[in-house]
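J.: So that we are looking at the same thing, I have put the structure below in structure tokens.
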Amino acid sequence: MTRFNILLCMAFFIISIHASGQQKQKFLISDESEVKATKQQYLLKGNEKLMSKAEAALLKGPFSVTFNKTKLAPSGDIHDYLSQAPYWWPDPSKGNGEPYIRKDGRRNPEIYKLNDRKQLGDLTEVLNDLAMGFYLSGDEKYAKQADEIVKVFFYQSRY
């Protein structure tokens, strides 16, 4: 396993705040003292919730924007991430609906048919749980699974 992939997994962990059983506001970056406090809490109380999430994460994945693709990006490349602004709708006065028009407050249901966002969200959640499992236990199985998931998402694809 490369150091790069381990560091990437830890970055995903640090970017999204961990689930510690307490309702907290999410921030972009968790500070080091918070991460250390979580480990200390785990060591003192044996917080099995965090480790059970890590165990469950071992069975999830892999993820990729090439999996279950429902629509291609304008580039036509299956590897390109596709997102759509939720309040933009096809223009009914145009034959092909383009360019889209804004309908404030009305979410276009087309956005729920795009699978790329779910793949990225699932990847982030699973890497967060695996990184926490590795950090708390030191068990390489979590890092190895994270490494495989990262390789598929960023380097490999089915196509």
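The values are calculated or read from the model by the stated rules, or taken from the named source; none is laboratory data. All values derive from a computational prediction rather than experimental measurement. Heads up, the Cβs are rebuilt from the backbone with ideal geometry, glycines too, and the neighbour counts pull from every protein chain shown.
J.: Where the second residue is part of a loop (DSSP other than H, G, I, E, B) and the first is on the phi > 0 side of the Ramachandran plot and lies in segment 127-146, which pairs have Cβ atoms under 9 Å and are six or more apart or on separate chains?
T.: Qualifying pairs under 9 Å: none.
J.: Additional query: Hey, A85 hits all of (1) hydrophobic (A, V, I, L, M, F, W, C); (2) surrounded by fewer than 15 Cβ atoms within 10 Å (Cβ to Cβ); (3) at pLDDT 95 or above but one; which does it fall short on?
T.: (3)
J.: Moving on to the next point. Got at least one residue in segment 104-114 being closer than 30 Å to D147 by Cβ and in a helix (DSSP H, G or I)?
T.: no
J.: Determine, yes or no, whether D77 is over 19 Å from Q119 (Cα atoms) and modelled with pLDDT of 90 or more.
T.: Details: over 19 Å from Q119 (Cα atoms): no; modelled with pLDDT of 90 or more: yes.
Here the answer is no, as D77 does not meet what is asked.
J.: Which pairs have Cβ atoms under 8 Å, sit 6 or more apart or on different chains, and link a residue in segment 98-111 that is on the phi > 0 side of the Ramachandran plot and at pLDDT 95 or above to one that is in a strand (DSSP E or B) and among the hydrophobic types (A, V, I, L, M, F, W, C)?
T.: Pairs that qualify, where the first residue is on the phi > 0 side of the Ramachandran plot and at pLDDT 95 or above and the partner is in a strand (DSSP E or B) and among the hydrophobic types (A, V, I, L, M, F, W, C): there are none.
Per-residue answers, yes or no, for (1) surrounded by 10 or more Cβ atoms within 10 Å (Cβ to Cβ); (2) not assigned by TED's automatic domain parsing to the domain that holds G133:
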| position | (1), (2) |
| --- | --- |
| V35 | yes, no |
| Q41 | yes, no |
| S75 | no, yes |
| S93 | no, yes |
| P99 | no, yes |
| K103 | yes, yes |
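J.: Quick one: in segment 106-131, of everything that is over 14 Å from the mean Cα position of the chain (by Cα) and buried (at least 16 other Cβ atoms within 10 Å of the Cβ), which residue is farthest from Q41 (Cα to Cα)?
T.: The selected residue is N108.
J.: Still on this structure, I have one more. Collect the residues in segment 80-106 that are closer than 20 Å to K118 by Cβ and among the hydroxyl-bearing types (S, T, Y), keeping them in residue-number order.
T.: Residues satisfying the conditions are Y81, S83, Y87.
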